[in-house]
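Following: one structure in structure tokens, then a few remarks.
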Amino acid sequence: MNIDKAIRVFSDFLNSSWIIVSQLLFNRDYTSNEDSINDWLQANWELLVERKILRVNEYLEVYGEGADYNGSSSRIIDPDVLPNFKVVTKSRNGDRVLDILNNEQVYLGNITFEKLVGFKNGFYTSEPEFKYVLLTDDNFGLDRVVALEDVVFELDKL
């Protein structure tokens with residue numbers, strides 16, 4: 001399976017499991033809702049996406065904010081390893097894509113993949129439907145949100 005397919009399946013997984021898992025992640029005594037969600041997302045990213053597409057001793061950059069579970073590491077499994085691959089997002093049609101957060105057409109050069117998100121009331125959310133992609137525009141220091149259907153994911157070796 002390639003990275004593009006794996007991320008699309010991951011989106012389906014998030015959408016289908018969210019209503020069940022969120023009941024177990026929210027309102028814990030020892031951590032915030034956001035930290036619980038980030039830990040769960042990172043663990044599943046490592047187990048479901050990273051291990052599906054990469055070989056032994058190959059690792060992806062952390063997903064979104066990563067986890068706070070292992071102190072100084074943002075990883076859950078193998079906390080001491082460094083990433084040697086990153087996810088690259090490209091336009092499906094080779095041209096610009098609509099950034100719905102800033103309401104402008106953008107090229108996806110020099111853009112960092114962060115995570116899948118929902119989009120409600122003009123802003124991205126960490127809840128379904130996970131059919132959007134949060135990106136960081138390194139040129140302008142802006143968050144950008146594009147539709148999952150408008151992009152293709154590829155891997156770059158670090």
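The values are calculated or read from the model by the stated rules, or taken from the named source; none is laboratory data. Just so we're clear, the structure is a prediction, and the values are computed from it rather than from any experiment. When we count neighbours, we look across all protein chains shown, and the Cβ atoms used for this are built from the backbone with ideal geometry, even at glycine. Side chains included, ligands, DNA and RNA excluded: accessible areas come from the protein's heavy atoms. Shrake-Rupley method; radii C 1.70, N 1.55, O 1.52, S 1.80 Å.
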- Which residue pairs have Cβ atoms under 8 Å apart, sit 6 or more places apart or on different chains, and have a first residue in the range 48-62 that is part of a helix (DSSP H, G or I) and a second that is open to solvent by 70 Å² or more (accessible area, probe 1.4 Å)? K52/M1; I53/M1; I53/N2
- Search the range 100-120 for residues being crowded, with 21+ Cβ neighbours inside 10 Å and part of a strand (DSSP E or B), and hand back the single one that is nearest to the chain's Cα centre (by Cα). K115
- Neighbours by Cβ (under 9 Å, 6+ apart or cross-chain): first from the range 82-98, without any contact (Cβ under 8 Å) to a residue 40 or more places away in the chain; second of a type in the set (A, V, I, L, M, F, W, C) and surrounded by fewer than 14 Cβ atoms within 10 Å (Cβ to Cβ): L82/L158
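For every residue, the table says whether it meets (1) open to solvent by 20 Å² or more (accessible area, probe 1.4 Å); (2) not in a loop (DSSP other than H, G, I, E, B).
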{"position": "E34", "(1), (2)": "yes, yes"}
{"position": "V81", "(1), (2)": "yes, no"}
{"position": "V87", "(1), (2)": "no, yes"}
{"position": "N93", "(1), (2)": "yes, no"}
- Query: Among E61, E65, which is the only one that is at pLDDT 95 or above and of a type outside the set (S, T, Y)?
  - Reply: E61
- Item | Residues satisfying the stated conditions in the range 121-158, i.e. among the charged types (D, E, K, R) and open to solvent by 50 Å² or more (accessible area, probe 1.4 Å) | E127, E129, K131, D138, D143, E149, D150, E154, D156, K157
- Message: Quick check on N15: is it under 18 Å from the mean Cα position of the chain (by Cα), assigned to a helix (DSSP H, G or I) and surrounded by 17 or more Cβ atoms within 10 Å (Cβ to Cβ)?
- Response: no
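Please enumerate the residues belonging to the range 66-75 that are closer than 19 Å to L158 by Cα and out of contact with any Lys or Arg (no Cβ under 8 Å at 6 or more places or on another chain). Talk me through it step by step, then tell me what you get.
As a first pass, look at the range 66-75 and keep what is closer than 19 Å to L158 by Cα: 66, 73-75.
If the condition is that a residue be closer than 19 Å to L158 by Cα and out of contact with any Lys or Arg (no Cβ under 8 Å at 6 or more places or on another chain), then S73, S74, R75 are the ones that fit.
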- Meets criteria (touching a residue at least 40 places away in the same chain (Cβ under 8 Å), out of contact with any helix residue (DSSP H, G or I) (no Cβ under 7 Å at 6 or more places or on another chain) and within 19 Å of A43 (Cβ to Cβ)) for E114: yes
- So, of the residues in the range 63-79 that are hydroxyl-bearing (S, T, Y) and assigned to a loop (DSSP other than H, G, I, E, B), which turns out to be least open to solvent (accessible area, probe 1.4 Å)? Y63
